[in-house]
Amino acid sequence: MVAMTDRAAARAAKSVLAARLGADPEVVGVGLARRDSGYVLKVDLADPRAASRVPGDVDGVRVVTEVVGVVRALGPRTA
């Protein structure tokens, strides 16, 4: 049986994970996601090879990855 992770624990673990992965250019996002077992940390990646650098859990909170590709800012809007 998997223990449920509450939002407060997931947020604390997110801070730790974001600090750990923040300098990795292949990591384009770190956030929280709801799963059946409560909250998990979700890491968005630009390249699938970066998944090997992402831990499976942080402070007991499960980490999942998703390859979303490179994230780019949109150009300015014109009216």
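Every number here is computed from the coordinates shown, using simple stated rules; none is lab data. Bear in mind the structure is a predicted one, so any value in this text is a computation, not a measurement. Counting neighbours? That spans all protein chains shown, and the Cβs are built from the backbone with ideal geometry, glycine included.
One table, with the values for the structure above:
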quantity	calculated
Identity of the residue in the stretch 1-41, of a type in the set (Gly, Ala, Ser) and in contact with a helix residue (DSSP H, G or I) (Cβ under 8 Å, 6 or more places away or on another chain), that ends up nearest to residue 60 (Cα to Cα)	38
Residue list for the stretch 8-47, filter: in contact (Cβ under 8 Å) with a residue 24 or more places away in the chain and more than 14 Å from the chain's Cα centre (by Cα)	9, 37, 38
The one condition in (1) part of a strand (DSSP E or B); (2) basic (Lys, Arg); (3) surrounded by 16 or more Cβ atoms within 10 Å (Cβ to Cβ) that residue 14 fails to fulfil	(1)
